[in-house]
Structures are given as structure tokens and as C-alpha cells.
1. Considering only region 130-137, I want to know if a residue exists there that is touching an Asp or Glu at 6+ places or on another chain (Cβ under 6 Å), aliphatic (A, V, I, L, M) and assigned to a helix (DSSP H, G or I).
2. Filter region 62-107 down to the residues that are surrounded by fewer than 16 Cβ atoms within 10 Å (Cβ to Cβ), out of contact with any helix residue (DSSP H, G or I) (no Cβ under 8 Å at 6 or more places or on another chain) and of a type in the set (S, T, N, Q), then identify the one that is nearest to A174 (Cα to Cα).
3. Any residue that is modelled with pLDDT of 95 or more, over 18 Å from the mean Cα position of the chain (by Cα) and farther than 30 Å from T178 by Cα - is there at least one of those in region 63-73?
4. Answer yes or no as to whether H111 is assigned to a loop (DSSP other than H, G, I, E, B) and either of a type in the set (A, V, I, L, M) or touching a residue at least 40 places away in the same chain (Cβ under 8 Å) (or both).
5. If I filter region 118-129 for residues that are part of a loop (DSSP other than H, G, I, E, B) and either of a type outside the set (V, I, T) or over 13 Å from the mean Cα position of the chain (by Cα) (or both), do I get at least one hit?
6. If P159 satisfies all but one of (1) loosely packed, with under 15 Cβ neighbours inside 10 Å; (2) closer than 30 Å to V15 by Cα, what's the number of the condition it fails?
7. Taking the criterion of being among the acidic types (D, E), open to solvent by 20 Å² or more (accessible area, probe 1.4 Å) and under 25 Å from L51 (Cα atoms), would at least one residue in region 118-132 satisfy it?
8. Quick one: is N64 touching a Phe, Trp or Tyr at 6+ places or on another chain (Cβ under 7 Å) and among the polar types (S, T, N, Q)?
Amino acid sequence: MQESLSVSHELDDEVAEYRDPDHEIDPLFVNRWSPRAMTGESLDESEFLPLFEAARWAPSAFNNQHWRFVYATREDDEWDTFVDLLSEGNRAWASDAAVLAVIVSKTTFDHNGEPAPVHSFDTGAAWQNLALEGARRDLAVHGMAGFDYERAATELDVPEEFAVEAMFAVGERAPVETLPEDYQEREQPSDRKPVDEIAFRGEFE
């Protein structure tokens, strides 16, 4: 882990091969992708808690801060519980992470108890902050939908007013060859739809 961290001012070589932005933006956004190959080594709290700090500063309706992160490290007694929540496909590589986490969001507003229609939207903003900070630190950060949502809520004692949104894995990056063979060809940054396919002026097209 580099002792001095800074925002990258150019695309990483591994990213530039697959991605070409339509417009000039900070390379941090383009350099973020979702590696699966992780070393299986532990991370010190000083290396992964800043990711949650970045998530903390995301915007939210009424500053409700809907997001919560329930996590375990390899050293925790709960580690096997988190691994067992994963689908078989995700377990094949995510068991080499240093941290596994479940993202949940509060579905009501704190100030009046009414439904918060944007709780998932706001929690997604927190996740993006977290993922970008992980990319800045050259960590592998990979979000996952493939896990048992109901068991996650039950086994992690998630209160009823919270919705289970996703899981993610964090770890030190490892060479692609450490992955199961089926995943090695997929271990590269993916491209994106062009801007004119996602942003429409005046009306949906």
C-alpha cells in the first residue's frame, strides 16, 4: 500500500486499453472498476475504514444518511457467516477478500417516520463514494447482487425498517492468474454506453 495517496491525473494503463471517455473528466471516475482477484491477505483498519469515511459524506434527502454497512474481516468470528451468504459463483473469488460487507438502507425518514422514496438512490451515492476511495487506494472493491438477501437480513439482525441492498468485497489486488479459470477472461475493465444513450435533452428517447 502506498503511503502517499493522491487523485490520479491520468488513466491507468490497464483501464486505457478498454475505456475512452466521451468528455474530459477526472480520471478517478474512469479508473474505478471492479476487480475480483484478491490476495486473501488481511487489511489493517487504517486501510479500509477510510472507505466508510468516504461513504459518510454522500448526499441524502433531508440529510437522512440512509446507508448502513455491516461488515466482517477475515479475523472476525462472523466471517464465515458473510461468506456463506454469497452465491456459489461469488464465493469462488470473494472468499479471498479482506472485508465482506452488506449494504442496507433505512426506508423511512428519521424526522417524521414517513417512507423515504429515495433511500436506495441515496445509499447508492454512498456506495459510489466508497468504491471511488477504494480505487484511489488501489484496492479491489467489487459490489455484488448474488447473495441471499433474506438470510442476510435475518442472520445480521437487520431491523425491519432497513432494506438489504447489496454486498461488496474489499481486498488487496492479486494477479489475474489467482482467479478460478472461468473468471480470468472477465478480469478487465468494462466499457460504458456513450453519453447520448443515457442523457436525453427535453424528453426520454
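The values are calculated or read from the model by the stated rules, or taken from the named source; none is laboratory data. None of the values given here were measured: they were computed from a predicted structure. Cβ sites come from the backbone with ideal geometry, for glycine too, and all protein chains shown count toward neighbours. Side chains are part of the model used for accessible areas, which takes the heavy atoms of the whole protein and leaves out ligands, DNA and RNA. Shrake-Rupley method; radii C 1.70, N 1.55, O 1.52, S 1.80 Å.
1. Checked against the condition, which is being touching an Asp or Glu at 6+ places or on another chain (Cβ under 6 Å), aliphatic (A, V, I, L, M) and assigned to a helix (DSSP H, G or I), region 130-137 yields no hits at all.
2. Top of the filtered list is S87.
3. yes
4. Yes; evaluated as a whole, the condition is true for this residue.
5. The answer is yes, given that some residue of region 118-129 is part of a loop (DSSP other than H, G, I, E, B) and either of a type outside the set (V, I, T) or over 13 Å from the mean Cα position of the chain (by Cα) (or both).
6. (2)
7. Within region 118-132 (the criterion being among the acidic types (D, E), open to solvent by 20 Å² or more (accessible area, probe 1.4 Å) and under 25 Å from L51 (Cα atoms)), the answer is no, since none of the residues qualifies.
8. So N64 fits the description; yes.
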